[in-house]
Amino acid sequence: MKKLAFIIRPMKLSNAEGWNQTENDWKLFIEDPENVCMVAECDNQIIGTTTTINYSNQVAWIGMVLVDKEYRGQGISKSLLTNIFKKLESCKSVKLDATPEGQKVYKKLDFKEEYLIARMVNTSMNDLLFDDDNNEILPEPIQRKHIQEIIALDEIIFGANRTQLIKFLVREYPDKAVLVKRNNRITGFALGRDGNKYRHIGPVAASNTGDAKILITKVLKENTNQAVVVDVPCDKEDLLTWLNSIGFIKQRYFTRMYKKENILPGITGKQYLICGPEFG
């Protein structure tokens, strides 16, 4: 019961802010002993949170930096982050996706900008928008036998090993887990998850924009009449235009930032949708 209570308490804070995380997401943050998660409390109430996913001591990914509105402007987020940094000395790089408000805080903590990400939403996907009859390749469901190859491909493209995240997404949300092959080799994949407000598609990795569209289309067709959110690196102009043409609208922006050195950037050209600002 204590573990469940500890998941529900910070979740109330993210729900109050209208964020998309679910109990499943908080379990992933908290239950992995390699991750570092901290809260700030006042009168036995959680008033601030910060999570860090440790991707194999290569990249520490910071997320869920959230402070109750009544307690903002008191240095709580800075204090949480400062304490987390002390526990991340073994990681080669520390990264995050910042909101415009958070970006001001992170710059003071020596984070540098990498690139811009656009959040796009569609409040009700319509399967009549899709015409995939002429695709030269067909996506197929991810099976257990594919997972190790996908983990290896994701490590090359993302820049760090995300074994636990990949296994979690495939296991919990198989309707959003698809791949494409060329010459009998996996060259792209899409994953996703259910959210508190939206179905979130991402990460999507592919060798070209056409394959990325095929993957995204397949997942969207499995989630028709649902509210969907995607986070798109802003250099993917063709993908942004296509998403807009099928009903997605830009909601906000994030800035990918890094502390220390950005020695593990991955292959950004093959990153079409990120997993979300809390996961990278």
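Reported count of residues in the range 182-201, each being within 13 Å of CYS275 (Cβ to Cβ) and not basic (Lys, Arg), is 7. If the condition is being open to solvent by 10 Å² or more (accessible area, probe 1.4 Å) and assigned to a loop (DSSP other than H, G, I, E, B), then the range 247-265 contributes GLY247, GLU261, ASN262, ILE263, LEU264, PRO265. No other residue among MET120, MET125 is part of a loop (DSSP other than H, G, I, E, B) and within 28 Å of TRP242 (Cβ to Cβ) apart from MET125. Annotation for the range 118-132: at least one member residue is more than 22 Å from ASP235 (Cα to Cα), touching a Gly at 6+ places or on another chain (Cβ under 8 Å) and surrounded by 14 or more Cβ atoms within 10 Å (Cβ to Cβ). State whether the residues of the range 145-152 include one that is surrounded by 13 or more Cβ atoms within 10 Å (Cβ to Cβ) and at pLDDT below 95. Taking every residue of the range 145-152 in turn, none turns out to be surrounded by 13 or more Cβ atoms within 10 Å (Cβ to Cβ) and at pLDDT below 95.
Just one residue in the set GLU222, GLU237 is modelled with pLDDT under 95, more than 17 Å from the chain's Cα centre (by Cα), farther than 19 Å from LYS95 by Cα and of a type in the set (Asp, Glu); that residue is GLU222.
Look at PRO277 and say whether it is open to solvent by 40 Å² or more (accessible area, probe 1.4 Å) and outside any strand (DSSP E or B).
Details: open to solvent by 40 Å² or more (accessible area, probe 1.4 Å): no; outside any strand (DSSP E or B): yes.
So PRO277 fails the test.
The values are calculated or read from the model by the stated rules, or taken from the named source; none is laboratory data. Please read all numbers here as calculations on a predicted model, not as lab measurements. Note that each Cβ is placed from the backbone with ideal geometry, even for glycine, and that neighbours are counted across all protein chains shown. Heads up: the accessible areas ignore ligands, DNA and RNA and are worked out on the full protein's heavy atoms, side chains in. Shrake-Rupley method; radii C 1.70, N 1.55, O 1.52, S 1.80 Å.
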